[in-house]
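Worksheet: one structure, shown below.
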Amino acid sequence: MDKQKKNDRTGVILFYMIIAFVVLMCVFLIHKGETVHITGASLTRFDLGTDLIPSLYYNMSITITIYNPNWYQTIDYKHMKVDFSYKYAKFDSVILPDFDSELLSNLYLRTKKTKRYNLTIGGINSTIELGDYGADSFKISNKTGYFDFELHLEGKKRYKSYIGHSHFVYVCPITLHLATKPDNSTDNFEGVKCYAPSPPPSPPSYEYGGIRK
């Protein structure tokens, strides 16, 4: 009888050890993807030039936040950049500050931590070629003062317990109101959650002037 009880206790202990092992493996190996948001944005200039080929002159500021929701898995990022597009035409690209030199080429985002990037693009000499499609869209949006943009955050990442980096893309569609006064440039921007398309999109192809084929 005592031997039977001992065997029963041993079986119970082994059962709980297996459960604990499975839980630990889940904690260490299973991971969630990061969450990406545009938490701030402003548009203080968006003008269509009068040249033969229409060009846009722009000034824009955005704030991107990246949050790691995992309890154990830190995330190692490489080669992160943001592409800015208007009506299918990419008009600017920014390498994030942590990746703009050989000395600053990685970001290690610890568990339950957030990284914030404040980016400003544009200037009076910044132009893009829109073609007829983009020019017509601009005229429509210019009447309301609201403009639709698409931001692509892309790079490479590796979770702590994994080997090798994988490519990732987040798409961030935002609508911005052109500020009419310096003190209302943020225009009560409510924030946008970016999404990871599946599978990641291939770079779009364009005809002359930025029109999608």
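The stretch between Asp136 and Thr175, if pulled fully straight at 0.36 nm per residue, gains 12.3 nm over its current Cα-Cα span. Which parts of region 110-124 would a label at Arg45 reach, counting a residue when its backbone N lies under 20 Å from a point 7 Å out along Cα-to-Cβ? Hits in region 110-124 for Arg45 at 20 Å: 119-124.
Computed FRET efficiency, Cβ-Cβ of Ser166 and Asp100, R0 22 Å: what is it to the nearest 0.05? Can you show the working numbers first?
Values: r = 22 Å, r/R0 = 1.00.
The calculated FRET efficiency here is 0.50.
The simple spin-label model puts a point 7 Å past each Cα toward its Cβ; for Thr35 and Asp76 those points are separated by 2.7 nm.
Computed from the coordinates by the stated procedures, all read-outs in this text should not be read as laboratory data. Keep in mind the model is a prediction, meaning the values are calculated, not measured. As a convention, Cβ positions derive from the backbone with ideal geometry for all residues, glycine included, and neighbour counts pool all protein chains shown.
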